[in-house]
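Peer 1: The following block contains the structure, expressed as structure tokens.
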């Protein structure tokens, strides 16, 4: 039985903050969320949407408020603030975001051109040396680079002319600090953590449990799949995990987490488009219907949402894994594919298509490797049927002692239910190929070329194999197979496939000829 959790739309009813913009709260269904718990929607493109409660006690007139519990990679223009119950209006006159916490390097930059005391140790005693900060060597924090882009970083580097400080001590310049700098006391506006501050007003004074939402970088997730096959046969067990990585600079305690899968269009710093880079009807037989899955899935717009069913604490700089799919009895089909043409594209770099076509050596090198492929149908009948997010799929097979041995891996793309997966897992050890051209003729006066090939496949296994021989007819757009020793099917405008059956310890020879015209 498909298990789904109906989810409320993320950040429904929110309006972007800008100076002088009215934020109208609007009540929306909150699903099963506890509004006091933080909520995260993490995208597999290194960003997330954060939503959390923000208690405010507002009076008549203008109110000043500072909030120091944000991430270090917050996008300021994404901030939204509202009354989720829609009982009052919040008017934001000004918003400020200071993302770089206080550090020695930042303080030094504030004292450029000024004199500081430095504590040094001489002959086992502490002494004070006075020095003038000519250049601090300060470079902006990575969050500032992420926020404003690399042109900003480059301009800062140009102004700083490097990372070494320059200090004048007793009329002489030195490219290092003479000792431990001693700074005056901190001012009231010193930032020890990333800080949001607002000047705002309301039409209804008093306490309100507001909702703060924003987009942040530094968070990502990915899917990983472990597939185990028995000693003989290709009926598999599959377990899928979601791996969340929090590098945002903030810990999310007891958070409701949702994971968004799909190619969401996201602008990178400077307006560059990113995101186009680079989903379970059956659980394992041991899982009963009384056990709730750790993750549920549903469609959302053109994407898919995966919801963790219990609150999770995600610490800063922590990687956390949660199982989201488990299935047994998944049928697969093993394929052997021989793509024998090995082309050195470095040789043809800068060549025109006509020159490549007329080169008599083009496509004549032989690749002896036969690929091992697995086809999996992502359907309910095959004990799957859940939209599968992009991720790495690792394959294991049990040996005669029951131990699991790693036999290959590949990456799958976002795969809807009822679609198929074809995965390359490695090269066959006991099935080899050999390809050679036996005839070639080109007539540039009459615009045609004739080419013929001989392909041999040898099977050293004790059981028969089916091999699909793929040939690429790239010399020209117009072609015709004029002779062949086996049937074929057309894959696309330039590719054909010959299905071949090879007996145990057997060999088979395929021949074909192609006629090109232009």
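Peer 1: If we scan the stretch 88-99, do we find a residue that is within 21 Å of residue 215 (Cβ to Cβ), crowded, with 19+ Cβ neighbours inside 10 Å, more than 23 Å from the chain's Cα centre (by Cα) and modelled with pLDDT under 85?
Peer 2: yes
Peer 1: Hey, can you tell me all the residues within the stretch 206-234 that are in a strand (DSSP E or B) and in contact with a helix residue (DSSP H, G or I) (Cβ under 9 Å, 6 or more places away or on another chain)?
Peer 2: 213, 214, 215, 216, 217
Peer 1: Let me ask something else. Which of the residues spanning the stretch 408-429 are surrounded by fewer than 18 Cβ atoms within 10 Å (Cβ to Cβ) and within 19 Å of residue 510 (Cβ to Cβ)?
Peer 2: none
Peer 1: Considering only the stretch 388-407, I want to know if a residue exists there that is out of contact with any strand residue (DSSP E or B) (no Cβ under 6 Å at 6 or more places or on another chain) and buried (at least 16 other Cβ atoms within 10 Å of the Cβ).
Peer 2: Within the stretch 388-407, one or more residues are out of contact with any strand residue (DSSP E or B) (no Cβ under 6 Å at 6 or more places or on another chain) and buried (at least 16 other Cβ atoms within 10 Å of the Cβ).
Peer 1: Quickly run through the stretch 451-480 and pick out the residues that are in a strand (DSSP E or B) and surrounded by fewer than 15 Cβ atoms within 10 Å (Cβ to Cβ).
Peer 2: Once the filter is applied, which keeps residues that are in a strand (DSSP E or B) and surrounded by fewer than 15 Cβ atoms within 10 Å (Cβ to Cβ), the stretch 451-480 yields 466, 478, 480.
The values are calculated or read from the model by the stated rules, or taken from the named source; none is laboratory data. Just so we're clear, the structure is a prediction, and the values are computed from it rather than from any experiment. Here Cβ is always computed from backbone atoms with ideal geometry, including for glycine, and neighbour counts include all displayed protein chains.
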